[in-house]
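Engineer: Pasting a structure below so you can have a look.
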Amino acid sequence: MKPISKPSLALIAAAMVLVGCASKPQDGQDSTAYYYSSGKRAPSSAAVTPVTVPPANTGTGGPANVARIIYFDFDSAEIRPEYRSVVEAHGNYLRSNPRSQVLLTGHTDPRGGAEYNLALGQRRAQSVERALTQQGVSNDRLEAVSYGKERPASTEATESGYQLNRRVELVYR
């Protein structure tokens, strides 16, 4: 067994002191704050307001019950046939709602260099942008940006994980 160094022992001792300090509420400290900071369950008399977090990428606007993510094949910016109806539904919505604007964010899987993936993500976003403008949506209501491989939807190094990253997300503003 490897002996513990003096700096490590000092860190362990400091941590033990800190844990001991948090073992009970200090004079004047609200017991509710103590319970939440210590990780213990709050007493039943404590009033807790639930926090609701909306699901990611729901935004306001956009067609109801229509996907907001379009997936792409490896090293491709061509919209796959199964996603053309999704793009068409968004185009119909945008034509019917002239005040709506959309941010099209292009993404890639982690394979390849950063510059190449930024360019590929941009081509994917512009591909969706072009499809929407061909349906009569004004170009000034669309913004295409690329995040390349910087914002992965999956960190799995598998084909299914990579597929989740090769996408364009439609974010209504």
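Engineer: Once both labels are modelled 7 Å past Cα along the beta-carbon direction, what's the Ala157-Ser76 spacing in nm?
Structural biologist: Those two pseudo-labels are separated by 2.6 nm.
Engineer: Take each of the peptides 87-94, 131-138, average the number of other beta-carbon atoms within 10 Å over its residues, and list them starting from the highest. All intermediate terms of the calculation are to be shown ahead of the outcome.
Structural biologist: Details: 87-94: 19.8, 131-138: 15.5.
My ranking of the peptides, most packed first, is 87-94, 131-138.
Engineer: Also: Would you please put 103-114, 144-155, 119-130, 64-75 in order of how densely packed they are, using the mean number of other Cβ atoms within 10 angstrom per residue and starting with the highest? Don't jump to the answer; show the numbers that get you there.
Structural biologist: On the way: 103-114: 19.7, 144-155: 16.6, 119-130: 21.6, 64-75: 14.9.
For the peptides 103-114, 144-155, 119-130, 64-75, the packing ranking is 119-130, 103-114, 144-155, 64-75.
Each value in this text was obtained by applying a stated rule to the coordinates, not by laboratory testing. Keep in mind that this is a model prediction, so the values were computed, not measured. Cβ sites come from the backbone with ideal geometry, for glycine too, and all protein chains shown count toward neighbours.
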